[in-house]
Amino acid sequence: MTKLHNAAAAAEIVSAVVISMSVSLAVIAYLNETTKQQRQFTMELALNYFSEGLHEPKKNLYRAIRSYQEEVKPAKLGSTDLATYIGKAKVPDSISEQELDSALLTVASFFNSAHRCVKSELCDENLMRELISEDATAIHCVFSQYFLDLIEEANVPQLASGLKFFKEEDCD
């Protein structure tokens, strides 16, 4: 009877180990699938930033920066000085105030969407930062004062929250 008892106990132990391993493998497979989906959502959203849909707004921001730099030649302003200058200067002739506002709001909207995607854990934060943080830092640093004015005028405090979230370096 002891051998039978020992065999039954061993079978129960083997069964428990098999069940534990099966559950562990299922959890690992689920986590791998979740990570894969997060990376896929991240890439799809980030590709929107680099696609033609945002090409015109980004071009307008660059055109505005170039115009501001032209106004102060031969000086070359760093991002902090440029942000201060943009906050006090009128919109350059090369772009209308409406075009600049629209470009900034469109770009800020993208970064806010990316921020929401990361917060909801649909997107992978590290991958998203790798893809867009450099641009977020540059845009935030240069247009921070302009955004502050838009936020105050519209009374929408979260208007540039995505840019702030993805900004990784201090402004120079």
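Quick check on the exposure proxy: order 67, 120, 144 from fewest to most C-beta atoms within 10 angstrom. If you can, show how the numbers build up before the last one.
Numbers: 67 15, 120 9, 144 22.
Going from least to most buried by this count: 120, 67, 144.
Just in region 68-131: which GluC sites (Glu not before Pro) are loop by DSSP and have at most 13 other Cβ atoms within 10 Å?
On the way: sites: 70, 71, 97, 99, 121, 125, 130; in loops: 121.
Within region 68-131, the qualifying GluC sites (Glu not before Pro) (loop, at most 13 other Cβ atoms within 10 Å) are 121.
Taking 21 Å as the cut-off for C-alpha to C-alpha distance, list the pairs among 58/90; 76/164; 119/164 that go past it. Kindly include the intermediate steps, with their values, before the conclusion.
Values: 58/90 19 Å; 76/164 25 Å; 119/164 14 Å.
From 58/90; 76/164; 119/164, over 21 Å: 76/164.
What is the spin-label model distance, in nm, from residue 113 to residue 170 if the labels are put 7 Å beyond Cα along the C-beta direction?
For the pair residue 113/residue 170, the computed spacing is 3.4 nm.
From the P(r) of region 56-115, could you give the percentage of C-alpha pairs in the tail past 13 Å? Mind showing how you got there, number by number?
Values: 1100 of 1770 pairs.
The answer is 62 percent, as a whole percent.
Dipole size in debye (nearest 20) for region 36-166 around its Cα centre, Lys and Arg Cβ +1, Asp and Glu Cβ -1? Let's see the in-between values first.
Values: 14 positive and 19 negative charges, 54 e Å.
Roughly 260 debye, rounded to the nearest 20.
Quick check on the exposure proxy: order 170, 81 from fewest to most C-beta atoms within 10 angstrom. Write down the numbers at each step before the final one.
On the way: 170 9, 81 15.
Going from sparsest to densest Cβ surroundings: 170, 81.
What number comes out for the charge environment of residue 78, summing +1 per Lys or Arg and -1 per Asp or Glu over other residues with Cβ under 12 Å away? Can you show the working numbers first?
On the way: positive: 76; negative: 81, 170, 172.
So the environment of residue 78 carries a net charge of -2.
Cα to Cα, under 14 Å, and not fewer than 8 places away if on the same chain: which aspartates and glutamates meet these conditions relative to residue 73?
Within the straight-line cut-off, residue 73 pairs with 81.
Can you give the Kirkwood hydrodynamic radius of region 36-166 from its Cα pairs, in Å with one decimal? Don't skip to the answer; put the middle values down first.
Working: mean 1/r = 0.0654 Å⁻¹.
Taking every pair of different Cα atoms in region 36-166, averaging 1/r and inverting gives 15.3 Å.
Under the Karplus relation 6.51 cos²θ - 1.76 cosθ + 1.60, θ = phi - 60°, what is the ordered set of whole-Hz ³J(HN,Hα) values for region 119-126, x standing for Gly and Pro?
4, 7, 6, 7, 10, 7, 4, 4
Among residues other than residue 58 whose Cβ falls under 15 Å from its Cβ, what is the net charge (Lys/Arg +1, Asp/Glu -1)? Could you put the intermediate results ahead of the total?
Details: positive: 59, 63, 66; negative: 52, 56, 99, 101, 134, 135.
Residues near residue 58 contribute -3 overall.
Suppose the Debye formula is applied to equal point scatterers at every Cα of region 78-147; what is log10 I(q)/I(0) at q = 0.14, 0.18 Å⁻¹?
-0.51, -0.76
Which order results if 43, 128 are arranged by neighbouring Cβ count within 10 Å, fewest first?
On the way: 43 14, 128 26.
Least to most surrounded, the residues fall as 43, 128.
Any read-out appearing in this document is the output of simple, stated calculations on the displayed coordinates, not a laboratory observation. All values derive from a computational prediction rather than experimental measurement. Neighbour counts run over all protein chains shown; Cβ positions are idealised from the backbone, glycine included.
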